[in-house]
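The values are calculated or read from the model by the stated rules, or taken from the named source; none is laboratory data. Since we're looking at a predicted model, the values are computed, not measured. Note that each Cβ is placed from the backbone with ideal geometry, even for glycine, and that neighbours are counted across all protein chains shown.
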């Protein structure tokens, strides 16, 4: 295993996934930490600037929202870098905008990764969350996928 992709969203599950990779990946492996800004969150935000809607400037609204998401992505990835640094490891940080399952798979293929690792919150009533990013990646990816479940 020389190239590993960790899909990271800052959740407890993704932090656990990163920690697992840092503990088992050989020292000479390249570890990519990748975050995807969901394109739907940019187009249909939960909180929006009403003045931009009233002005009819949807492009400006989407650009403002995208900039907020980019800053958030950079903070999350910095958190991942610090986790890796504590373990004496370096990671390659990256983010993109799009549909998360597809972007994760595309990134892994482009970087010629041997493994994709994602965190998933354990669901006691179903065992897994139907329709989750982790499940979609596991089903669609040609690259092997490891799903790390967090407690709770």
| task | Would you mind finding the one in 121, 110, 149 that is modelled with pLDDT under 95, under 22 Å from residue 37 (Cβ atoms) and more than 13 Å from the chain's Cα centre (by Cα)? | result | 121
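Yes or no, residue by residue, for (1) assigned to a helix (DSSP H, G or I); (2) modelled with pLDDT under 95:
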position	(1), (2)
1	no, yes
17	yes, no
20	yes, no
34	no, no
48	no, yes
67	yes, yes
| Conditions (1) within 23 Å of residue 137 (Cα to Cα); (2) modelled with pLDDT under 95; (3) surrounded by fewer than 15 Cβ atoms within 10 Å (Cβ to Cβ); (4) out of contact with any helix residue (DSSP H, G or I) (no Cβ under 7 Å at 6 or more places or on another chain): number failed by residue 73 | (3)
| request: Could you please find all residues in the range 1-29 being in contact with a helix residue (DSSP H, G or I) (Cβ under 7 Å, 6 or more places away or on another chain), more than 13 Å from residue 92 (Cβ to Cβ) and either surrounded by 24 or more Cβ atoms within 10 Å (Cβ to Cβ) or without any contact (Cβ under 8 Å) to a residue 40 or more places away in the chain (or both)? | output: 7
